[in-house]
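This report concerns only the one structure given below.
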Amino acid sequence: MTEENRDNGRFNSANEAWSKNWLVPVLLLMLRQWSSYGYELMEKMSTFGLATMNPGTFYRTLRQMEKDGMVSSSWDTSEGGPARRVYSITDAGEAYLNYWAQSLDQYQRMMDTFFRLYTGQPTHRGKPSEGEKGPGVNREE
């Protein structure tokens, strides 16, 4: 992305593709914390730096996630006005989110190594220093 595109905040295809790739795991992460309405979820996407997206695309993704068993939904009729659909994460959604987190952890280590080499910093060889975990060691939360 060029400086001009980033600085003036123009929505471009690279940003849109990035947002679509992150939509499912970010939705699952939010739903892991609280069940929510589609509109509220869409509003909170910007918290993660995701671009505003077409509502049709957003709701189609939620419906597909429900078909795939990652989320469930129910109608909330407790408030005045029209009923609203409330989404919640399922066990399958939790499993998918865990898979993403593990993949991102591995990717983060690769990126850290890349930038250490790129900036000329020494790579960690041999035994990891205190407080660090070496490759192949499961990180505990």
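The values are calculated or read from the model by the stated rules, or taken from the named source; none is laboratory data. Keep in mind the model is a prediction, meaning the values are calculated, not measured. Virtual Cβ from ideal backbone geometry, glycine too; neighbours counted across all protein chains shown.
Okay, residues lined up against (1) in contact with a helix residue (DSSP H, G or I) (Cβ under 8 Å, 6 or more places away or on another chain); (2) at pLDDT below 95; (3) farther than 29 Å from Asn21 by Cβ; (4) assigned to a loop (DSSP other than H, G, I, E, B):
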{"site": "Gly81", "(1), (2), (3), (4)": "no, yes, yes, yes"}
{"site": "Leu104", "(1), (2), (3), (4)": "no, yes, no, no"}
{"site": "Thr113", "(1), (2), (3), (4)": "no, yes, no, no"}
{"site": "Arg116", "(1), (2), (3), (4)": "no, yes, no, no"}
{"site": "Gly120", "(1), (2), (3), (4)": "no, yes, yes, yes"}
{"site": "Arg125", "(1), (2), (3), (4)": "no, yes, yes, yes"}
{"site": "Pro128", "(1), (2), (3), (4)": "no, yes, yes, yes"}
{"site": "Lys133", "(1), (2), (3), (4)": "no, yes, no, yes"}
{"site": "Asn138", "(1), (2), (3), (4)": "no, yes, no, yes"}
> So, of the residues in region 48-61 that are under 14 Å from Pro25 (Cβ atoms) and surrounded by fewer than 15 Cβ atoms within 10 Å (Cβ to Cβ), which turns out to be farthest from the chain's Cα centre (by Cα)?
Replying inline: Gly49
> Here is a list of conditions, (1) at pLDDT below 95; (2) exposed (fewer than 14 other Cβ atoms within 10 Å of the Cβ), and Asp68 meets all of them except one; can you say which number that is?
Replying inline: (1)
